[in-house]
Amino acid sequence: MFLPPNLDGHYLTFHGALRLKRDSQHTLATLRALGQQLALTVDAAQFHLQVAAGDENSTPCSQDDADRFVTLSSEIKGLQTKLQAVLGRVLAQSRHKIVAAATEAPPAEQTDKTIDRRAETESGEDVPEIKPPEHKSSAGRTAKPLEDLPTALQIFVEATGRLILSDSFNKNNGLCSRAMGMCRIVARQLVALLESENCLDDASACLFRDTLERLTETVVGLQEGGVLSERLVVQVVAYLGRILELADAVSGAPAALASTELRSSRLKLKRYSEEHMDDILMTMHAFVQNAQKQKNPPRGDNLDRAVKTLTCKLQQDITKYNRCQELGLPERSEERWGYFTEVAGFLGDWIERTAVPAIPSKELKSMYLAAKRFGEKFPDRVPSILLKNAKLRVHPRKPGKPRGKQSKTEHKESSS
């Protein structure tokens, strides 16, 4: 089809606008349908609650009923997780489509009046330039593109759902760390977003708050400690604290980011960190006690392996304890400090019994520097035997030459 030279761009933009308009209308229709279905589901649930509240007759619950309850409640929790994930994806996609349609709408609305105004402009009459409106956040500022945050939030929701539905073995086998790791990524991006004085939409903020709450309940309910990296939990707690500060300071921030639920989740994770702050220390103490019970002390390769294991563990404990103190966690008890001194003392004794290596190990050098700084920060907590023997292995003394004797070369140089 032939198009006039000055109108071909308008033709293409006009049809692009029709496509975007159809997409946005379809998106709004989908959201309306979802809203109606969810409203019906909520009404049905409230009706069942009212019926149950009005039924005063209570019958004893059999074991079969109890088993069915556990099964059904687990299925409902699974559906709830899937629903949150699907709704998060729909809202994220809808937001992108609506924003795209709003951005493309002004140059796309090419009616006859617009074409006439373009012709008047070309004829020489001054017509003010029409600029597309900027996409504003709820606080009135220009919002930065959120390309990564919706995707990260979606993965966080899905990872938390898989964790909740998994058995205890898989909870302890990486799923917990995966969900908490995604929580850290989302929380970090939320901090960056709020620090730039931009705001997240209310639906996504509520989704983050609710998913965090479910993740926290699952983590706190784990029977075994040491499942999560302390670094993960400490960083998440720090990011959550920053989010709460910014949510109160930034105008237009979603209420969900300053809610009591989010504060409660942060406090629970902080308490979890306190309870498991000394997990590495207790592992080392058990290792030392087990070695003491042996008839023969470790020697040779066994001694080298024991020193390497305890060296790495001690540095991990020092690093972990420093992070916990930066977070504001209370200091360990005197009993636990006694365990630390005992472990460090045994390590110092074992280091003294090892052969002096030609090249000091990186692990020992790194531990020595960390222990030295730790001793300066917490006086009288690091045994001197550890620092002394570790230093001798890291910086071995070079054998000196006997006094009063000089080599022939040195004698010639001194006489010349």
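Throughout, read-outs are computed from the coordinates displayed, never taken from laboratory work. Worth saying up front: this structure is predicted, and the values here are computed from it rather than measured. Don't worry about glycine lacking a Cβ; one is built from the backbone with ideal geometry, like all the others, and counts go over all protein chains shown.
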*Please quote Rg/Rh for the range 149-275 to two decimal places, taking the Kirkwood radius as Rh and restricting both calculations to Cα atoms.*
0.96
*Would you mind getting me the FRET efficiency between Ala44 and Thr283? Use the beta-carbon distance for r and R0 = 56 Å, nearest 0.05.*
0.65
*Using the structure shown, list the pairs from Lys270/Lys391; Lys270/Lys308; Lys313/Lys388; Lys270/Lys313 with a Cα-Cα distance above 27 Å, or answer none.*
Lys270/Lys391; Lys270/Lys308
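May I ask you to compute the full-extension gain from Leu31 to Cys312, defined as 0.36 nm times their residue separation minus their alpha-carbon distance, rounded to one decimal in nm?
Values: separation 281, 0.36 × 281 = 101.16 nm, distance 5.40 nm.
Between Leu31 and Cys312, full extension yields an extra 95.8 nm.
Given the peptides 300-308, 330-338, arrange them by the average over their residues of other C-beta atoms within 10 Å, most packed first. Display every interim value, and only then the final one.
Numbers: 300-308: 14.2, 330-338: 12.3.
Per-residue Cβ counts within 10 Å, averaged per peptide and sorted highest first, yield 300-308, 330-338.
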*Take the Cβ-Cβ distance between Asp67 and Thr341 as r, set R0 to 30 Å, and report the resulting FRET efficiency rounded to the nearest 0.05.*
0.05
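Calculate, for Lys293 and Leu267, the FRET efficiency according to 1/(1 + (r/R0)^6) with r their C-beta to C-beta distance and R0 56 Å; round to the nearest 0.05. Write out the running numbers ahead of the final one.
Numbers: r = 40 Å, r/R0 = 0.72.
E between Lys293 and Leu267, to the nearest 0.05, is 0.90.
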_Selection from Phe208, Ala179, Ser259, by position along the positive dipole direction of the range 149-275 (Cβ)_ = Ala179
_Positive end of the dipole of the range 278-394, charges at C-beta (+1 Lys, Arg; -1 Asp, Glu), about the Cα centre: which of Thr283, Thr341, Pro298 has its Cα farthest in that direction?_
Pro298
*Taking the simple approach of a point 7 Å from Cα along Cα-to-Cβ for both Arg353 and Ser166, what is their distance in nm?*
4.0
*asked:* Counting just the Cα atoms, what span does the range 278-394 cover along each of its three principal axes? Round to the nearest Å and put the largest first.
replied: 42, 31, 19
